[in-house]
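**Q** Structure in structure tokens, see below.
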Amino acid sequence: MAPPAAPTPAEEEKAEPGRRGLVVLLAALVLVAGVVTGQLVRPVPEPAVELGITSSHAFPGQAPALPWPSAGQAVVHVEGLGTMGSSGGSAPVPTASVAKVMTAYVYLQAHPLKPGEAGPVLTVSPQAAAQIPMRRQRGESILGVTANQRLTQRKALEALMVISANDVAHELARWDAGSDQAFVAKMNATARSLGMTATTYTDPSGYDERTVSTAADQVKLLRAAMEVPAFAEIVKQPTYVPDDGGPPRQGGNYLLGRHGVIGGKTGYTDAAGGNFVFAARNGVQGVNTLILGAVLGQDASAAAGAVATAERIVVAAENAMVAATLAPQGARVARVDDGLGGETPLRAASPVTVVGWPGLTVPVGVEGDPPDQAGSGAQVGALKAGAALVPLELAQKLDGPSLVKRLIRLS
């Protein structure tokens, strides 16, 4: 059989455009497939929560005039809102036994206690017992420890904070760091870490008048200490009840249980005058606020003078608090942005109520790390309005970016 005839030049010239077209088509298909594959394998943007209402609220009126003391220093701070006011300058002054807030805080940082836990049993040194006559002669507040007496950590801290026991303060320093000097170094390092730039500790009890601070610095410390559950439990105790069956001893914070006061620490020496730091809970239209304050350098013969001054300030601060509802429960107040133009609404799980006082502007924002997908009603982040934190829920099902959006994105 004869071999097939070779195509003529005319036939080749006629077929060439078809071959070129096929090559171009195949190249185009490869290019499109590459672009599609590239778009699909590219990571999608991380979804983000965005605010859907006003980003701040300004309370009309003049800032409240609190009944500040005529002498010494005072500061009032509301957690989540800031400082309501202050008086008396910022020169460091003797703290007296208010220094024991730092003693307890440092000790609990190194030896945490669970809520309700008694903690390890500690043994009192003969040296501490030998110093009791000297402390009594100087008029110090003491537990009256004896050599080899055994105290649980919690009872030691209760003696420190409730009846302001100087003898126990020095034993806590020894139990933790081996000596007063080493423990005081930890106190000062902690003060620096909390931004207490005007504070110097020279002893763990505050009896030494060279232990100095300011009202503003002591509020910084109390804010940190009240976040420690064991500390908050201890300072809300009105009396010290010994483990050995001895009679209860009344603490100096007679405001406990009044005006929402949930904790504090008193202090007095001749050099310091009356001192007091305090924490109080105040509910305003369903928003739970924490008020913290410090009153230092009161011209009084006991710490009770500072407590009385603080009582007037607490009552006035609580009366000055006002609230405004920015959105009702269920309102759409935020959204999840998928980064490619898709949005899913978020509703408030409770009313969005902002608390403050006249003359204050409170920022409003959102926080959270939303998932790529979730069902309607799932909690996704929260709206923060000053002291209020409102959970946010999905108003509808959350899906990731659609296939079309992933394909047509330009950036």
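No value in this document is a laboratory result; all are computed from the given coordinates. Treat the numbers as computed from the prediction; the structure is a model and nothing was measured. Reconstructed Cβ throughout: ideal geometry from the backbone, glycine too, with neighbour counts over all protein chains shown.
**Q** Just subtract the alpha-carbon distance of Arg192 and Arg223 from 0.36 nm times their residue separation and send over the number in nm, one decimal.
**A** Between Arg192 and Arg223, full extension yields an extra 9.7 nm.
**Q** Cα-based count: Lys pairs in the chain below 17 Å, eight or more positions apart or different chains?
**A** Count of close lysine pairs: 12.
**Q** Can you tell me the dipole magnitude for the range 90-320 around its Cα centre, using point charges on the Cβ only (Lys, Arg +1; Asp, Glu -1), in Debye to the nearest 20?
**A** Computed charge dipole of the range 90-320: roughly 240 debye.
**Q** Next up: In terms of the Cα gyration tensor, with a ≥ b ≥ c the square roots of its eigenvalues, is the chain rounded because a/c is under 1.5, prolate because a/b exceeds b/c, or oblate?
**A** Because a/c hits 1.5 or more and a/b exceeds b/c, the chain counts as prolate.
**Q** For Phe59, Phe278, which order do you get if you count the other beta carbons within 10 Å of each Cβ and list the fewest first?
**A** Phe59, Phe278
**Q** Oh, and also: Can you tell me the order of 338-348, 155-165, 240-250, 319-329 when each peptide is scored by its average per-residue count of other Cβ atoms within 10 angstrom, highest first?
**A** So the order, starting with the most tightly packed, is 155-165, 338-348, 319-329, 240-250.
**Q** Which angle from 0 to 90°, rounded to the nearest 10, does the C-alpha axis of helix 180-193 make with the longest principal axis of the chain?
**A** 40
**Q** Now for a separate question. Under a point-charge model restricted to the Cβ atoms of Lys and Arg (+1) and Asp and Glu (-1), what is the dipole moment magnitude of the range 67-142 relative to its Cα centre, in debye to the nearest 20?
**A** It comes to approximately 280 debye.
**Q** Right, here's the next one. Between Pro204, Ser70, Leu389, whose Cα lies farthest towards the positive end of the dipole of the chain when Lys and Arg beta carbons carry +1 and Asp and Glu beta carbons carry -1, centred on the Cα centre?
**A** Comparing the listed Cα positions along the dipole, Ser70 ranks first.
**Q** Another one. Ordered by packing density, taken as the mean number of other Cβ atoms within 10 Å over each peptide's residues, highest first, how do 298-304, 331-337 rank?
**A** Highest mean packing first, the order is 331-337, 298-304.
**Q** Now, a different point. Rounded to the nearest 500 deg cm²/dmol, what is the calculated helix-only ellipticity per residue at 222 nm for the chain, with -39500 (n - 2.57) per DSSP H run of length n ≥ 4?
**A** It lands at -10000 deg cm²/dmol.
**Q** Provide the gained length on full extension for the span Ala378 to Ser70, in nm with one decimal, where the gain is 0.36 nm per separating residue minus the Cα-Cα distance.
**A** My answer for the length gained is 105.5 nm.
**Q** Follow-up. Relative to the present Cα-Cα distance, how much length would full extension add between Ala130 and Ala63 at 0.36 nm per residue of separation?
**A** That pair, Ala130 and Ala63, stretches by 18.7 nm at full extension.
**Q** Right, another one. Magnitude of the Cβ-charge dipole of the chain, K/R +1 and D/E -1, about the Cα centre, nearest 20 debye?
**A** 380
**Q** Please give the FRET efficiency for Ala324 paired with Gln181, using the beta carbon to beta carbon distance and R0 = 51 Å, rounded to the nearest 0.05.
**A** Efficiency, from the Cβ-Cβ distance: 0.45.
**Q** Then there's this: Binning at 5 Å from 0, report for the range 259-411 what percent of all alpha-carbon pair distances ends up in each bin.
**A** 2, 9, 14, 13, 11, 10, 9, 8, 7, 6, 4, 4, 2, 1, 1, 0
**Q** To continue, here is another question. Could you pull out which residues in the range 103-123 have an amide N less than 13 Å from a spot 7 Å beyond the Cα of Thr152, following the Cα-Cβ vector?
**A** Of the residues in the range 103-123, 113-122 have backbone N under 13 Å from the label point off Thr152.
**Q** Sticking with this structure for a sec: Which shape class applies to the range 115-274: rounded if a/c is under 1.5, otherwise prolate when a/b exceeds b/c and oblate if not, where a ≥ b ≥ c are the square roots of the Cα gyration tensor eigenvalues?
**A** In terms of gyration-tensor shape, rounded.
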